[in-house]
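First up is the structure itself, then whatever we jot down about it.
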Amino acid sequence: MKKNIIIVFIMVLLLIVDNSILPFLSIRGYYPSLLLVFTIFIALLSEKNEAVLFGVSSGILQDIYFNGIMGINGISNLLICLLSYYVGRSIFKEKYVMPTLTCLILSLIKGCIVFLIGMAVGMKVQYKNIFVVALYNYVIALATYKLIYKLYIVKSEKNYWKY
């Protein structure tokens with residue numbers, strides 16, 4: 001329970017960084033989503049119920065901040081985190097190649113989900129953003145996966161091996 005509260009707190013901090021600092025570090029107006037990368041990795045490493053919790057939590061946080069349709073990020077992050085959980089069950093999480101490629105693919109899928117829902121309800125969504133942001137997320141994923149993995153797994157293993 002304590003771990004989940006800490007993760008949700010980190011998500012709130014990443015949302016703040018995503019929307020206050022990263023726009024100043026953008027390249028041609030594009031910047032990554034630290035919150036999405038973190039959420040994908042945590043869902044990849046966690047159990048199914050936690051993946052759902054973190055997906056919905058991060059999506060609701062994004063929906064609260066962004067104008068538009070309430071629930072679009074909640075639904076898309078839920079689906080992305082479920083996919084991340086299922087992928088995480090079948091890959092070697094100790095290596096960084098597959099988890100980071102998973103982050104790239106899931107970032108593309110999330111962009112497509114948001115694009116399709118946005119188009120269905122008449123929102124103006126640029127498809128070019130999907131590819132650039134996914135690549136940017138991939139770069140961030142390459143730089144952060146080992147840290148997130150160590151923080152998440154080491155804490156879990158310490159509790160597991162207590163006598």
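Each value in this text was obtained by applying a stated rule to the coordinates, not by laboratory testing. Because the structure is a prediction, the values reported are computed rather than measured. Note that we place each Cβ from the backbone using ideal geometry, even for glycine, and neighbour counts take in every protein chain shown.
Some points to look at:
- Taking Thr39, Thr102 and counting other C-beta atoms within 10 Å, the order from fewest to most: Thr102, Thr39
- Under 16 Å, Cα to Cα: Lys pairs in region 32-152, sequence gap 8 or more or different chains: 6
- Cα extents for region 32-152 along the principal axes, largest to smallest and rounded to whole angstrom: 42, 28, 23.
- The trypsin sites (Lys or Arg not before Pro) of region 1-87 meeting both criteria, a DSSP state outside H, G, I, E and B (loop) and at most 13 other C-beta atoms within 10 angstrom of the site's C-beta, are Arg28.
- Mean Cα-pair separation over length for the chain, i.e. relative contact order, pairs under 8 Å, 6 or more apart, %: 23 percent
- Using only side-chain charges placed at the Cβ, +1 for Lys and Arg and -1 for Asp and Glu, the dipole size of the chain relative to its Cα centre rounds to 360 debye.
- In this label model, Ile69 and Ile5 are separated by 3.6 nm, measuring between points 7 Å along each Cα→Cβ vector.
- Where Rh is the Kirkwood radius over Cα pairs, Rg/Rh for region 1-68: 1.00
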